[in-house]
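Participant: Quick one: structure below, then a few questions.
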């Protein structure tokens, strides 16, 4: 492949990657699992704040651990979701002295 073709291919890949925006983790995303949706619902209810996003999650057969960010600062909250839609272990993970 000529240098010109490599440069064109590289520039095209860069342009496509630059157009990607992965910073928006809206709770309305169609890619949320039922466990994540359950945790978003219940953390929003617990905190009385509808501005919630999934920060991370880890699946296990016992239950899915979901870390939810709440509010503008995305304060971290823990939630465990079960296959029946129930949740448990909802608790603030940050420094309570900073609240």
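Yes/no matrix, rows are residues, columns are (1) free of Cβ contacts under 8 Å to residues at least 12 places away in the same chain; (2) closer than 23 Å to residue 97 by Cα:
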{"residue": "34", "(1), (2)": "no, no"}
{"residue": "40", "(1), (2)": "no, no"}
{"residue": "43", "(1), (2)": "no, yes"}
{"residue": "54", "(1), (2)": "no, no"}
{"residue": "61", "(1), (2)": "yes, no"}
{"residue": "74", "(1), (2)": "no, yes"}
{"residue": "82", "(1), (2)": "no, no"}
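Participant: Quick check on the range 88-97. Is at least one of its residues surrounded by 12 or more Cβ atoms within 10 Å (Cβ to Cβ), modelled with pLDDT of 95 or more and touching a helix residue (DSSP H, G or I) at 6+ places or on another chain (Cβ under 8 Å)?
Facilitator: yes
Participant: So which of 39, 79 ends up being at pLDDT 60 or above, buried (at least 16 other Cβ atoms within 10 Å of the Cβ), assigned to a strand (DSSP E or B) and within 14 Å of the chain's Cα centre (by Cα)? Can you show your working first?
Facilitator: Numbers: 39 fails: assigned to a strand (DSSP E or B).
Exactly one of 39, 79 is at pLDDT 60 or above, buried (at least 16 other Cβ atoms within 10 Å of the Cβ), assigned to a strand (DSSP E or B) and within 14 Å of the chain's Cα centre (by Cα), namely 79.
Participant: With the checklist (1) more than 28 Å from residue 85 (Cβ to Cβ); (2) modelled with pLDDT under 50 in hand, flag the one item residue 24 doesn't pass.
Facilitator: So the condition that residue 24 fails would be (1).
Participant: Does residue 85 count as at pLDDT below 95, in contact with a strand residue (DSSP E or B) (Cβ under 6 Å, 6 or more places away or on another chain) and part of a loop (DSSP other than H, G, I, E, B)? Give the derivation first.
Facilitator: On the way: at pLDDT below 95: yes; in contact with a strand residue (DSSP E or B) (Cβ under 6 Å, 6 or more places away or on another chain): no; part of a loop (DSSP other than H, G, I, E, B): yes.
When the stated conditions are applied, residue 85 does not pass them.
The values are calculated or read from the model by the stated rules, or taken from the named source; none is laboratory data. It should be emphasised that the depicted structure is a prediction, and the values quoted were computed from it without experimental measurement. Counting neighbours? That spans all protein chains shown, and the Cβs are built from the backbone with ideal geometry, glycine included.
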